[in-house]
């Protein structure tokens, strides 16, 4: 638990510095540590909420959130994240979904949309994408910002700071509604074990997230951080997919 706690603090610091929650990496680490699969999304979503709440509030106070622009995407994703959290999944299916989500997360981390020609996408397609990501967020225990941010950069939806602000808010809303679905599905008592056995992880991400959101990451370059995180998440994804395949 000592090493896992330290890793969670580092992940929270790094992700909070760029407006993300770290849900994909938390789920990857929990999967590698052999945590009960039913607890993985609950712990990850709790950590997401803790990390991005402060950053989201700062972004809103700074006037970086254009509500008419972001509300349609949030109104589509939030209910589907809730529904995703409600869906009962067998262990093998959960591992396959989680492994696929993490593999896609690793790919998203390696994309450099600023070096690609801008793409055009209809508002309807963007809403469909937001809803799909919300559903995946609720099912797997990730916030979804790691998927939406590269797309928004690629279509030049707004400037980098506003996209970071949206990603933080998107992760927060999806994590809250996804967690609500998970708790209804598993029962309120499912919070007892994360609060009792895994509480050091929650404190670790709170501390790391506060430091990251205030200071930003100045030691490692964003590109190096993305590459290292993608390797970790990709490795965990392959492990989880292998486990899920073995249980089919």
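The values are calculated or read from the model by the stated rules, or taken from the named source; none is laboratory data. Because the structure is a prediction, the values reported are computed rather than measured. Heads up, the Cβs are rebuilt from the backbone with ideal geometry, glycines too, and the neighbour counts pull from every protein chain shown.
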statement: Exactly one of 148, 125 is surrounded by fewer than 18 Cβ atoms within 10 Å (Cβ to Cβ) and out of contact with any strand residue (DSSP E or B) (no Cβ under 7 Å at 6 or more places or on another chain), and that one is 125
query: In this structure, does residue 139 turn out to be farther than 16 Å from residue 19 by Cβ, more than 14 Å from the chain's Cα centre (by Cα) and in a helix (DSSP H, G or I)?
result: no
query: Hey, among 121, 97, 142, which residue is in contact with a helix residue (DSSP H, G or I) (Cβ under 6 Å, 6 or more places away or on another chain) and at pLDDT below 85?
result: 142
task: Return yes or no: is residue 49 under 13 Å from the mean Cα position of the chain (by Cα), under 16 Å from residue 175 (Cα atoms), assigned to a helix (DSSP H, G or I) and at pLDDT 90 or above?
output: yes
message: Kindly evaluate residue 198 against the criterion of being at pLDDT 80 or above, farther than 25 Å from residue 77 by Cβ and surrounded by 15 or more Cβ atoms within 10 Å (Cβ to Cβ).
response: yes
- request: Scan segment 207-220 residue by residue and report those that are at pLDDT 75 or above and either touching a strand residue (DSSP E or B) at 6+ places or on another chain (Cβ under 9 Å) or surrounded by 17 or more Cβ atoms within 10 Å (Cβ to Cβ) (or both).
  value: 208, 209, 210, 212
query: Residue check: is residue 102 touching a helix residue (DSSP H, G or I) at 6+ places or on another chain (Cβ under 8 Å) and farther than 30 Å from residue 36 by Cα?
result: no
task: Scan (1) under 19 Å from residue 236 (Cβ atoms); (2) outside any helix (DSSP H, G or I) for the single condition residue 109 breaks and write down its number.
output: (2)
- request: Using the structure shown, decide if residue 64 is buried (at least 18 other Cβ atoms within 10 Å of the Cβ), modelled with pLDDT of 85 or more and more than 15 Å from residue 172 (Cα to Cα).
  value: yes
Of the criteria (1) surrounded by 18 or more Cβ atoms within 10 Å (Cβ to Cβ); (2) more than 22 Å from residue 96 (Cβ to Cβ), which one residue 178 fails: (2)
task: Name the residue, out of 69, 91, that is surrounded by fewer than 19 Cβ atoms within 10 Å (Cβ to Cβ), more than 20 Å from residue 198 (Cβ to Cβ) and touching a residue at least 60 places away in the same chain (Cβ under 8 Å).
output: 69
task: Tell me which of these residue 128 doesn't satisfy, since it passes every other one: (1) farther than 30 Å from residue 1 by Cβ; (2) at pLDDT below 85.
output: (2)
message: Can you tell me which condition residue 129 does not meet? The list is (1) touching a helix residue (DSSP H, G or I) at 6+ places or on another chain (Cβ under 6 Å); (2) in a helix (DSSP H, G or I), and all the others hold.
response: (1)
message: Quick check on segment 171-186. Is at least one of its residues under 20 Å from residue 25 (Cβ atoms) and at pLDDT below 85?
response: no
message: For segment 27-41, which positions are crowded, with 23+ Cβ neighbours inside 10 Å and within 15 Å of residue 139 (Cβ to Cβ)?
response: 27, 40, 41
